[in-house]
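Novice: Once you've had a glance at the structure underneath, I'll fire off some questions.
Nothing in this text is a laboratory measurement; each read-out follows from the coordinates by a stated rule. In this text the structure is predicted, and so the values were computed from the model without any measurement. As a convention, Cβ positions derive from the backbone with ideal geometry for all residues, glycine included, and neighbour counts pool all protein chains shown.
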Amino acid sequence: MSGLDALHLARVQFAFTVMFHIVFPAISIGLASYLVVLEALWLRTGRAVFLDLFRYWLKLFALAFGMGVVSGVVMSYQFGTNWAGFSDKTGPVIGPLMGYEVLSAFFLEAGFLGVMLFGAERVGRRVHFAASCIVALGTLISAFWILSVNSWMQTPAGYSIDADGRFLPADWLAVIFNPSFFYRLPHMVLASYLSVACLVGATGAWHLLRHPENAGSRVMFSMALWMLALVAPVQVLVGDLHGLNTLAYQPAKIAAIEGLFSSQAGAPLVLFGVPDMEQARIGYEIAVPHLSALILTHDWNGALQGLDAWPRADWPHVGIVFWAFRVMVGLGVAMVAAGGASLYLRVRGRLFAARWLQRVMLGLGPAGLIALLAGWVTTEAGRQPYTVYGLLRTADSVSPIGAPGVGLSLAAFVLVYLAVFGAGVGIMLRLMAQPPKAEG
Amino acid sequence: MDLAMIWAGLIAFAVLAYVVLDGFDLGVGMLFAVERDPKMRDLMVHSIAPVWDGNETWLVLGGGGLFAVFPLAYATILPALYPAIIGMLLALVFRGVAFEFRVRAGNKRLWDIAFGVGSGLAGFCQGLTLGGLLQGIRVEHRAYAGGWWDWLTGFTVLCGVAVVIGYALLGACWLIWRTEGELQQRCRGYARWLGVMTFVLTGVVSLWTPLLHARFAARWFGWPGVLLTSPVPVLLAGLAWLFWRGLVKGEVGPFLCALGWFVLGFAGLGISLFPLIVPPDITIWDAAGPDSSLRFLLAGTVVLVPLILGYTGYSYWLFRGKVRLPAGH
């Protein structure tokens, strides 16, 4: 029993620390690219408004990046502290990928961030712009490797297993470019861009509601809505392809997402309901007949496996996966709608006049990040009860640390993270509440 | 060529790079804690602000590298030294965010405390980790088999104190190099007694370490090991003399001596441990992953590490010279 408790505490600890962590790299990925665009626009047009916005968001970038670094160092050691079984067995395959992340991304970001933040007076404009580009490139390289690691845990490939149950690399290209990698990487990068678009859009909206003529706020608001209008629909497409890939490689996860307990032809799309794992059914179900079959199999009467195709011991937690997915999709639809509305208003010449859109964008401020977290919860909780899908059980991955030890460290992480990152988010919000310079 | 040997050398290099680089900036954080003048404090932080997170990246490389090429070491050392590692990580969280928070948050005092205390605690926990590793870790069936409190002994606490003092010395010497006037003079004073204490503590740890395992003692005092080991204390004494002379008027000299001191101490650790990676039994060959993993990561490392050293060097060069506060401060 105590072993079980330690396992659950270790899982909670990982979920807690990684969910706090991923928010900051997501902001860093999105903001780094946004800063490159702003700096390029300034260099090209010479308009002061772009430089003002660059400086405005650079402060926030520094904060988010710093919090990402310190919470990321925690992650790089947590595999060993709490998941020693996992580390020993998978280290030979995913360890080198993480090693490459450090060597090709972390050093690059850290090395040039100093130039970006403090070097403006010491280097020319071109070198400074190059540093900004390199930092942005670093965030993308980092995403490449860590998504490769995660994808391998979801859809392992290119390995063999030795007598001790250790994974050994057999084909590195197959390991890195495993079957779900090309879906997860763009999905995450676009999610980061959309998250930052929501933050930038909400900041612009907040200031436009007070000072409708502020040039910087207008630029932010307009750029963010271009992003939503153009990229949110692409994200829906990428997500759909990703779902089909998951159906091919992790059908039990899809069954949990769809709330499909029994295998059937022409499965309905459950819009709302309360999954009941005991009874293996959905309560209070509101569903559209045949739609799930149509989306996933492109056939009105296509057959889908329900969770009854697997023993209960192999089920993920249906409620978590089911709800997290709906939160993600719901917010995604809202982003598409806001982007679409902005196009309509833009054509009518009323983009900055329609105050209701500013209020909507203010409400959507955290939407990108919440959707991103919900998406990660869907895919990670949906991978359970395995760490390496179908091959290594979570229960066999944990460290030989007793429940008191894991519980104590969990309590310490919760206290410190809430205090530190709570303060950090407070500072970020206060910076965002300051209006950008009025003149452009 | 033996891949495990090459990797042991590379990981040792990463750890050494971490210890001396983050060592001086953690040390600056500790001296920050005893400094009262807000302007001096700002100068101290400013001297390390552009480089600290590059320095800390070596810690991630040490951990990530261990995971990649010596997974058994990673999977036994971290559970064994669990509280020390968690303590270090949390301390680094406080200290890392304080760089930005102390200038932007409402309560500067609070984050100043977090910066100083976090720096000290991180160093202390790293010393505990070092001591815990040296005194040995019980492993059965490829898993940690010791107790919850194994990391806390007289020896590990001594190592913790020694690392704190050593880091503070590095920090003081860094500030002698990078500042001028009043702050520089004050740091010359700090460096004097920190140097003496470091010298004494290094001596005590060095004498205690061979007593931990017969294997260490045989390496240090047995023939022909003594040929390799006897120059270490001689070189240490020579560096100590140079350091002492440099304290009066030297600029970069004391910092270089302190670095040399750390390199020698690190070499001493290597002499004790090699070829063990997790004493008392696990060697680098036991802990190494398969050759294909080691070779795959090595291929990129050979290209990327020189690049990293190149642009890290560029960054230090860019921010060279005596530190001054930016306009508007």
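Novice: What number of lysine-lysine pairs in the protein assembly as shown show an alpha-carbon separation below 28 angstrom, given a sequence spacing of 8 or more or placement on distinct chains?
Specialist: Summing the qualifying lysine pairs gives 11.
Novice: May I pose another question? Would you work out the charge dipole size for the range A:187-400 about its Cα centre, treating the Cβ of every Lys and Arg as +1 and the Cβ of every Asp and Glu as -1, and quote it to the nearest 20 debye? Before the final figure, lay out each step's value.
Specialist: Numbers: 13 positive and 11 negative charges, 210 e Å.
The dipole magnitude comes to about 1000 debye.
Novice: Give me the number: length gained by fully extending residue B:256 to residue B:230, i.e. 0.36 nm times residue separation minus the C-alpha to C-alpha distance, one decimal in nm.
Specialist: Value of the extension gain: 7.1 nm.
Novice: Moving on. I want to make sure I understand the PRE zone here: with the label point 7 angstrom from the Cα of residue A:286 toward its beta carbon, which residues in the range A:312-330 have backbone N atoms less than 18 Å away?
Specialist: Answer for the range A:312-330: A:322-330.
Novice: Where Rh denotes the Kirkwood radius from the mean inverse Cα pair distance, what is Rg over Rh for the range A:338-440? The partial results should precede the final answer.
Specialist: Details: Rg = 22.1 Å, Rh = 18.7 Å.
Ratio of gyration radius to Kirkwood radius: 1.18.
Novice: First obtain the Kirkwood hydrodynamic radius of chain A from its Cα pairs, then insert it into the Stokes-Einstein equation at 10 °C and 1.306 mPa s, and state the resulting D in µm² per second as a whole number.
Specialist: Values: Rh = 23.2 Å.
Estimated diffusion coefficient is 68 µm²/s.
Novice: When only alpha-carbon atoms are used, what values of Rg and Dmax, in angstrom, describe the range A:20-98?
Specialist: In Å, with Rg to one decimal and Dmax whole: 18.0, 56.
Novice: Right, something else. Treat chain B as a sphere of radius equal to its Kirkwood radius over Cα pairs and apply Stokes-Einstein at 25 °C in a medium of 0.890 mPa s; give the translational diffusion coefficient in µm²/s, rounded to a whole number.
Specialist: Details: Rh = 20.7 Å.
Stokes-Einstein gives a translational diffusion coefficient of 119 µm²/s.
Novice: A further question on this structure: Can you order the peptides A:280-289, B:104-113, A:18-27 by their average number of other Cβ atoms within 10 Å per residue, highest first? Please list the in-between numbers first.
Specialist: On the way: A:280-289: 13.2, B:104-113: 15.7, A:18-27: 21.5.
In descending order of packing, they fall as A:18-27, B:104-113, A:280-289.
Novice: Take the Cβ-Cβ distance between residue A:171 and residue B:291 as r, set R0 to 22 Å, and report the resulting FRET efficiency rounded to the nearest 0.05.
Specialist: E(calc), rounded to 0.05, equals 0.90.
Novice: How far is it, in nm, from the label point at residue B:314 to the one at residue A:431 when both lie 7 Å from their Cα along the line to the Cβ?
Specialist: 2.5 nm
Novice: Rounded to the nearest 500, what is the 222 nm mean residue ellipticity of the protein assembly as shown from helices alone, with -39500 (n - 2.57) per DSSP H run of 4+ residues and division by all residues?
Specialist: Result for the protein assembly as shown, helices only: -25500 deg cm²/dmol.
Novice: Counting pairs of alpha carbon atoms under 8 Å apart in space and at least six apart in sequence, what relative contact order in percent does chain A give?
Specialist: 22 percent
Novice: Same structure again: State the dimensionless ratio Rg/Rh of the range A:187-400 (Rg: radius of gyration of Cα atoms; Rh: Kirkwood radius).
Specialist: Rg/Rh: 1.07.
Novice: For residue B:109 and residue A:16, FRET efficiency with R0 = 25 Å and r from the beta-carbon atoms, rounded to 0.05? Before the final figure, lay out the partial values.
Specialist: Details: r = 29 Å, r/R0 = 1.15.
So, using R0 = 25 Å, E works out to roughly 0.30.
Novice: Can you compute the FRET efficiency between residue B:153 and residue A:299 using 1/(1 + (r/R0)^6), with r the Cβ-Cβ distance and R0 = 45 Å? Round to the nearest 0.05. Intermediate values should be presented prior to the final figure.
Specialist: On the way: r = 67 Å, r/R0 = 1.50.
Between residue B:153 and residue A:299 the formula returns 0.10.
Novice: Across peptide B:281-291, what mean number of C-beta atoms from other chains lies inside 10 Å of a residue's C-beta? Before the final figure, lay out the partial values.
Specialist: Numbers: counts 0, 0, 0, 0, 0, 0, 2, 1, 10, 9, 3.
Mean inter-chain Cβ contacts per residue within 10 Å come to 2.
Novice: Can you give the mean number of other chain Cβ atoms that lie within 10 Å of the Cβ atoms in peptide B:42-50? Each step should come with its number before you reach the end.
Specialist: On the way: counts 0, 0, 0, 0, 1, 0, 0, 4, 10.
Partner-chain Cβ atoms within 10 Å, mean over residues of B:42-50: 2.
Novice: Is there a simple number for the mean count of other chain Cβ atoms within 10 Å of the Cβ of residues in A:111-122, and what is it? Present the calculation step by step, with values, prior to reporting the outcome.
Specialist: Working: counts 14, 4, 4, 11, 6, 1, 3, 8, 4, 1, 2, 5.
So the per-residue partner count for this stretch is 5.
Novice: Still on this structure: Determine one quarter of the surface area of the Cα convex hull of the protein assembly as shown, which equals its mean projected area, and express it in nm² to one decimal.
Specialist: Working: hull surface 135.4 nm².
That works out to 33.9 nm², a quarter of the Cα hull's surface.
Novice: Given the Cα atoms of the range B:1-155, and with Rh set as the inverse mean 1/r over their pairs in the Kirkwood sense, what is Rg to Rh to two decimals? It would help to have the intermediate numbers written out before the result.
Specialist: Working: Rg = 17.3 Å, Rh = 16.8 Å.
Reported Rg/Rh (Cα atoms, Kirkwood Rh): 1.03.
Novice: So how far apart, in nm, are the two label points at residue A:354 and residue A:278 if each is 7 Å from Cα heading toward Cβ?
Specialist: For residue A:354 paired with residue A:278, the spin-label model returns 4.8 nm.
Novice: A further question on this structure: Which of A:215, A:248, A:203 sits closest to the plus end of the dipole of the range A:194-298, meaning its Cα is farthest towards the positive end, when Lys and Arg get +1 and Asp and Glu get -1 on the C-beta?
Specialist: Towards the positive end, the residue furthest out is A:215.
Novice: Just to be sure I understand the model, the point goes 7 Å from the Cα along the line to the Cβ. What's the resulting residue B:143 to residue B:263 distance in nm?
Specialist: Taking the simple label geometry, residue B:143 and residue B:263 are separated by 4.3 nm.
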